[in-house]
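Novice: Mind looking over this structure? Questions follow.
Values quoted throughout were computed directly from the atomic coordinates according to the rules given, and no laboratory measurement underlies them. What you see is a predicted model; the values in this text were computed from it and never measured. With ideal geometry, Cβ positions are generated from the backbone for all residues, glycine too; neighbour counts draw on all protein chains shown.
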Amino acid sequence: MPLKTSDEFVQSLADLDLQIYLFGDKVEDWVNHPVIRPSINCIAMTYELARQPEYEDLMLATSHLTGEKVNRFTHIHQSTEDLVKKVKMQRLLGQKTGSCFQRCVGMDAINALYSVTYECDEARGTGYHARFKDYVKFLQENDLVADGAMTDPKGDRSLPPHQQADPDMYVHVVERRDDGIVVRGAKAHQTGACNSHEIIVMPTIAMREGDEDFAVSFSCPADAPGVFYIYGRQSCDTRKLEGNELDVGNAQFGGQEALMVFDDVFVPWERVYLCGEVEFAGALVERFAGFHRQSYGGCKSGVGDVLIGAAAVAAEMNGVQKASHIKDKLIEMTHLNETLYSCGVACSAEGSRMPAGNYQIDMLLANVCKQNVTRFPYEIARLAEDIAGGLMVTMPSAQDLADEKIGPIVEKFLAGQCDTPTIDRLRVLRLVENLTLGTAAVGYRTESMHGAGSPQAQRIMIARQSNMDHKKELAKALAGVGKPWDKTAVKKPTATTAG
Ligand code: SF4
Ligand code: FE
């Protein structure tokens, strides 16, 4: 099947039988819902750019399973070059959408499962890898979006899954049948969940004996019976219901997070990729998180480009672009943004081949990448707000600007640099607001903190990967620690050497 057009993608979503709840109502026409549609447009862009020859090198890859060109979002990385191109593709999409474009979670899930299923088969004689390869082929051949679902609600964090008062706090197997398993539970804050054709579920933490029912990975159609979604709110989301593009800031694009519930969902064995092998849950979590921490070096720097550009334009529209402190703030924002990107590229370039044959990022550098992401977008946003000025959060509405009596007054007093139409100044300030405080801030700010794991999760991985013993050996060798010491050889400085 050829690559889908963006329209075909939207139609294929509309053809699903998704169970979505938003503001207490079941949503029937989700592809045209004003709150949801901008997030669909983001994923549609991953289809759109894949059909444009100038982006083919980044957006497409040759499948090692079929030999055909596939969308890179469904590709299993075959080299460090593939890993670098992935980050470049994500930066491009961040630039084009100014938002989280959601499709990466599925890409990161298939790449993590690819190696883990192989290693599980090697160790335990299971048959997961071959069936998982079939599944990846299915995604590639049908050009599908898969949602990588990892984060369980987790309940009491001090207790392992099997000791939770409510076992549904972690997705778990409630029945094993000849033809498959039945699962129950939920996955929280799932990016792009309602914009996906398929869901790939993975465990959320390392597990141990007793947790066998929770060490489960599988995939199912997004509209499988028993799966439903409760749509997550975003700051200023109801502005999308007002029908005024100006007040949204970025009316075309937006992110999406939802609570995904599994109410006794049946999964046939051919779609099960881990079931009871507790010792592989940790590796799956680490690898998925590692790939997604790499991803942030691309997507956040792409969105950062838009924010830096918006701040620079806002400065011009205020007539302050030549002020040295403004120039310096833009330099600082650029420095921080390129540092994020550098880490994404570095962990890709330093990637290595796994026993399964696919390529994985350097784990230490991927975790450093994400740790930076928990900080730098906040500073970039702070500087953007500084440059934008207070009007960004005090300006009147589109209705006021359009009003016959009030409009001309708003236009007069909110004018900036004289060549700039007031409406354009307001548009840019609303974009900064959208990226720093509005719907896109979910993806650019708070998700930078908690997405792909909260900061402490990276610090644990950094500690584990830092190879401190090697560093200590380096220091000891240069200091001569442990060498015999001959006191008698100690010399006092002579008059010549001292003076
Ligand atoms: Fe992709 Fe970034 Fe969104 Fe994650 S946060 S899905 S990496 S765009
Ligand atoms: Fe994310």
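Novice: Where in the chain are the helices, taken as whole DSSP H runs, whose Cα atoms extend 30 angstrom or more along the long axis and whose Kyte-Doolittle mean reaches at least -0.5?
Specialist: Answer set is 281-318, 324-349.
Novice: How many nm separate the modelled label positions at GLU209 and PHE138, each set 7 Å beyond the Cα in the direction of the Cβ?
Specialist: About 3.5 nm, to one decimal.
Novice: Just how many % of Cα pairs in the stretch 272-397 lie over 22 Å apart, if you round to the nearest whole percent? Provide the component values of the computation, followed by the final result.
Specialist: Details: 3882 of 7875 pairs.
When every Cα pair of the stretch 272-397 is considered, 49 percent fall beyond 22 Å.
Novice: Let me ask something else. Suppose R0 equals 41 Å; then what is the FRET efficiency for ALA402 and THR5 from their Cβ-Cβ distance, rounded to the nearest 0.05?
Specialist: On the way: r = 35 Å, r/R0 = 0.86.
About 0.70, to the nearest 0.05.
Novice: Counting residues in the stretch 93-243 as N, plug N into 2.2 N^0.38 Å and put the Cα Rg over that result.
Specialist: Numbers: Rg = 17.0 Å, N = 151, 2.2 N^0.38 = 14.8 Å.
Cα-based Rg divided by the globular estimate yields 1.15.
Novice: Please arrange VAL373, VAL481, VAL432, VAL261 by how many other C-beta atoms lie within 10 Å of their C-beta, fewest to most.
Specialist: Values: VAL373 29, VAL481 10, VAL432 25, VAL261 20.
The fewest-first ordering by Cβ neighbours comes to VAL481, VAL261, VAL432, VAL373.
Novice: Starting at 0 and stepping by 5 Å, how many percent of the alpha carbon pairs of the stretch 1-40 end up in each bin?
Specialist: 6, 22, 29, 23, 10, 6, 3, 1
Novice: Moving to a separate point now. Just to be sure I follow: if Rg is taken over the C-alpha atoms of the stretch 200-279 and Rh is the Kirkwood radius over the same atoms, what is Rg/Rh? Each step should come with its number before you reach the end.
Specialist: On the way: Rg = 18.4 Å, Rh = 15.7 Å.
Looking at the stretch 200-279, the ratio lands at 1.17.
Novice: Which part of the stretch 401-444 falls in the paramagnetic zone of GLU332, meaning amide N under 18 Å from the point 7 Å along Cα-to-beta-carbon?
Specialist: Counting only backbone N, you get 436.
Novice: I'd like the distance separating the alpha-carbon centroids of the stretch 1-27 and the stretch 33-110, in whole Å.
Specialist: With the stretch 1-27 and the stretch 33-110 each reduced to a Cα centre, they are spaced 18 Å.
Novice: Oh, and also: Can you give me the Cα centroid spacing of the stretch 416-451 and the stretch 382-397 in angstrom?
Specialist: So the two Cα centres are separated by 8 Å.
Novice: Can you order the peptides 376-388, 98-110 by their average number of other Cβ atoms within 10 Å per residue, highest first?
Specialist: Values: 376-388: 21.1, 98-110: 27.5.
Put in order of decreasing packing, that is 98-110, 376-388.
Novice: If you rank MET169, MET59 by fewest surrounding Cβ atoms within 10 Å, what's the result? Intermediate values should be presented prior to the final figure.
Specialist: Numbers: MET169 19, MET59 23.
With the sparsest Cβ surroundings first, the list reads MET169, MET59.
Novice: Between the stretch 223-269 and the stretch 352-378, how many Å separate their Cα centres?
Specialist: Here the answer is 28 Å between Cα centres.
Novice: Taking only Cα atoms of the stretch 338-452, what ratio of Rg to Rh do you get with Rh as the Kirkwood inverse-distance radius?
Specialist: My calculation puts Rg/Rh at 1.22.
Novice: Using only the Cα atoms, what convex hull volume per residue in Å³ does the chain have? Walk me through the intermediate numbers first.
Specialist: Working: hull volume 106.9 nm³, N = 499.
In the chain, the Cα hull volume divided by residue count equals 214 Å³.
Novice: Hey, another quick one. Determine, for SER158, SER454, SER39, the number of other Cβ atoms within 10 Å of each Cβ, and report the residues in order from fewest to most. Don't skip to the end; give the middle numbers.
Specialist: Values: SER158 6, SER454 12, SER39 30.
Ascending number of Cβ neighbours within 10 Å: SER158, SER454, SER39.
Novice: Ok, one more. Calculate the tail of P(r) for the stretch 386-466: the fraction of all Cα-Cα distances greater than 14 Å, expressed in %. Could the numbers behind the result be given before it?
Specialist: Details: 2290 of 3240 pairs.
The proportion of pairs with Cα distances above 14 Å equals 71 percent.
Novice: Mind running the shape call on the stretch 70-113? Use the C-alpha gyration tensor, a ≥ b ≥ c as the square roots of the eigenvalues: rounded below 1.5 for a/c, prolate if a/b tops b/c, oblate otherwise.
Specialist: On the way: a/c = 2.43, a/b = 1.44, b/c = 1.68.
Cα axes put the stretch 70-113 in the oblate bin.
Novice: Would you work out if the stretch 242-337 is rounded, prolate or oblate? Take a ≥ b ≥ c from the square roots of the eigenvalues of the alpha-carbon gyration tensor; rounded if a/c is under 1.5, else prolate when a/b is larger than b/c, oblate otherwise.
Specialist: On the way: a/c = 5.66, a/b = 2.06, b/c = 2.74.
Note, shape of the stretch 242-337 comes out oblate.
Novice: Using only the Cα atoms of the stretch 1-116, each taken as one equal point scatterer with no solvent, compute I(q) by the Debye sum, divide by I(0), and report log10 of the ratio at q = 0.17, 0.18, 0.19 Å⁻¹.
Specialist: One equal scatterer on each Cα of the stretch 1-116 leads to -0.90, -0.99, -1.07.
Novice: Now, a different point. If you take every residue apart from PRO396 with its C-beta less than 15 Å away from the C-beta of PRO396, what net charge results, scoring Lys and Arg +1 and Asp and Glu -1? Mind showing how you got there, number by number?
Specialist: Working: positive: ARG239, LYS405, LYS412, ARG425, ARG427, ARG430; negative: GLU242, ASP247, ASP400, ASP403, GLU404, GLU411, GLU433.
After counting each charged neighbour, the total is -1.
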